Amino acid sequence: MLEVSTVLVTGANRGLGFEFVRQLASAEPRIDHIIAACRNPEEADNLKSLVEKNDNVHILKLDVVDYDSHEAFVTEVDKIVGDKGLDILINNAGIMIITDVDKVTPKEFMKNYEINAVGPYMLTRSLAPLIKKSQRKLIVAISSGAGSITRTNARLGGFPAYKASKAAMNMLTRTYGDHLKADGVTSIIFCPGWCKTDLGGPNAMYEPDFSVSNMIKNISTLTPESDGTFINFEGKPMPF
Ligand SMILES: NC(=O)c1ccc[n+]([C@@H]2O[C@H](COP(=O)([O-])OP(=O)(O)OC[C@H]3O[C@@H](n4cnc5c(N)ncnc54)[C@H](OP(=O)(O)O)[C@@H]3O)[C@@H](O)[C@H]2O)c1
């Protein structure tokens, strides 16, 4: 049972991000505010339908790499959460550039790295004051087993830009998490499993609702001792 007041999900208009918001919107006990951050709120019809039925869902515009907009975004989040602060930040937004090891370009490396690693880092830093003032103080990175250096092998495919960006996301989540540890903040890294979304494709192994309900179950059991760990959606340890 997830007993929190406020949650923010990035990349919330589709895929796993939308599924997080959908499930959290009707969670028991009720979560006071779920902030669904997405790049184009005006086109987020599924989120708009959710808001019509759930007055605890709020849609805010956010591109994680539009750094100049972060300050105004944090002000909007602050207005919604107030004294409760931000209990859980879910850094979910991400892209996967699929390019063969022989063909990948520097631009592809940089784009994947910026959106999957630098953007979440900068956003987390901007939101840190709100996280620190909350009760739960939890940062969740939706990473990938593809970012595991230990498990790198041909079966996991080429796409070096994506793999490196997720390894970097893991490192930056831990790096900033270490920095926030003294304030009682817990940071955790998930591999959601291979899921049927636009990114995962139709042949993936898991439905988004299965992966997300398992991740929410695991989030509810996290303790400060979980800080810095990399686990899969079932809570099993993943190697870095
Ligand atoms: N699905 C899988 O099998 C799988 C496996 C391992 C890890 N993951 C990770 O899980 C997360 C969610 O993936 P998904 O499968 O749900 O992918 P998805 O269906 O492609 O959705 C990606 C989401 O990220 C958003 N996004 C992309 N760039 C952004 C930016 N610059 N700023 C803000 N939002 C941005 C997209 O927004 P727009 O609609 O505006 O593009 C979209 O909402 C990703 O981090 C992914 O790497 C997924």
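The values are calculated or read from the model by the stated rules, or taken from the named source; none is laboratory data. Predicted model, so just to flag it, every value in this text is computed and none were measured. Because the Cβ atoms are built from the backbone with ideal geometry, glycine has one as well, and the counts that use them run over all protein chains shown. The protein model used for the area step is the full one, side chains on, heavy atoms only, and it has no ligands, DNA or RNA in it. Shrake-Rupley method; radii C 1.70, N 1.55, O 1.52, S 1.80 Å.
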Listed by first then second residue, the pairs whose first member lies in segment 172-184 and is farther than 19 Å from PHE240 by Cα, whose partner is modelled with pLDDT of 95 or more and basic (Lys, Arg), with beta carbons under 6 Å and at least 6 positions apart or on separate chains, are ASP183/LYS132; GLY184/LYS137
Is at least one residue of segment 168-185 under 15 Å from the mean Cα position of the chain (by Cα) and under 16 Å from VAL104 (Cβ atoms)?
yes
Please specify each residue of segment 193-216 satisfying the condition of being closer than 16 Å to LEU89 by Cα and not β-branched (Val, Ile, Thr).
MET215
Look through ALA167, ALA146 and report the one residue that is away from the ligand (no atom under 11 Å from the Cβ), assigned to a helix (DSSP H, G or I), out of contact with any Pro (no Cβ under 7 Å at 6 or more places or on another chain) and small (Gly, Ala, Ser).
ALA167
From the option list ILE115, ILE90, single residue qualifying as in contact (Cβ under 8 Å) with a residue 24 or more places away in the chain, within 11 Å of the ligand (Cβ to nearest atom) and out of contact with any strand residue (DSSP E or B) (no Cβ under 9 Å at 6 or more places or on another chain) is ILE115
In segment 128-141, is there at least one residue being open to solvent by 20 Å² or more (accessible area, probe 1.4 Å), within 26 Å of ASP83 (Cβ to Cβ) and part of a helix (DSSP H, G or I)?
yes
Are any residues in segment 110-151 among the polar types (S, T, N, Q) and under 28 Å from GLU225 (Cβ atoms), and if so, which ones?
ASN116, THR124, SER126, SER134, GLN135, SER143, SER144, SER148, THR150
From the list MET110, MET122, MET96, which one is closer than 15 Å to LEU172 by Cα and open to solvent by 40 Å² or more (accessible area, probe 1.4 Å)?
MET122
Of the conditions (1) in a strand (DSSP E or B); (2) without any contact (Cβ under 8 Å) to a residue 12 or more places away in the chain, SER187 clears all except one; give me its number.
(2)
Could you give me the residue pairs with C-beta distances under 7 Å whose first residue belongs to segment 19-41 and is within 16 Å of ASN92 (Cα to Cα), whose second residue is part of a helix (DSSP H, G or I) and away from the ligand (no atom under 16 Å from the Cβ) wherever it lies, and which are 6+ apart or on separate chains?
ILE34/ALA25; ILE35/ILE80
Look at ILE98 and say whether it is away from the ligand (no atom under 11 Å from the Cβ), among the β-branched types (Val, Ile, Thr) and part of a strand (DSSP E or B).
no
Being part of a loop (DSSP other than H, G, I, E, B), more than 11 Å from the ligand (Cβ to nearest atom), modelled with pLDDT of 95 or more and open to solvent by 40 Å² or more (accessible area, probe 1.4 Å) narrows it down to one of ASP78, ASP68, ASP55, so name that one.
ASP55
Restricting segment 173-225 to residues that are of a type in the set (Phe, Trp, Tyr) and in contact with a helix residue (DSSP H, G or I) (Cβ under 8 Å, 6 or more places away or on another chain), the one least open to solvent (accessible area, probe 1.4 Å) turns out to be PHE190
Just to be sure, is VAL21 open to solvent by less than 50 Å² (accessible area, probe 1.4 Å), touching an Asp or Glu at 6+ places or on another chain (Cβ under 8 Å) and either closer than 20 Å to CYS195 by Cβ or assigned to a loop (DSSP other than H, G, I, E, B) (or both)?
no
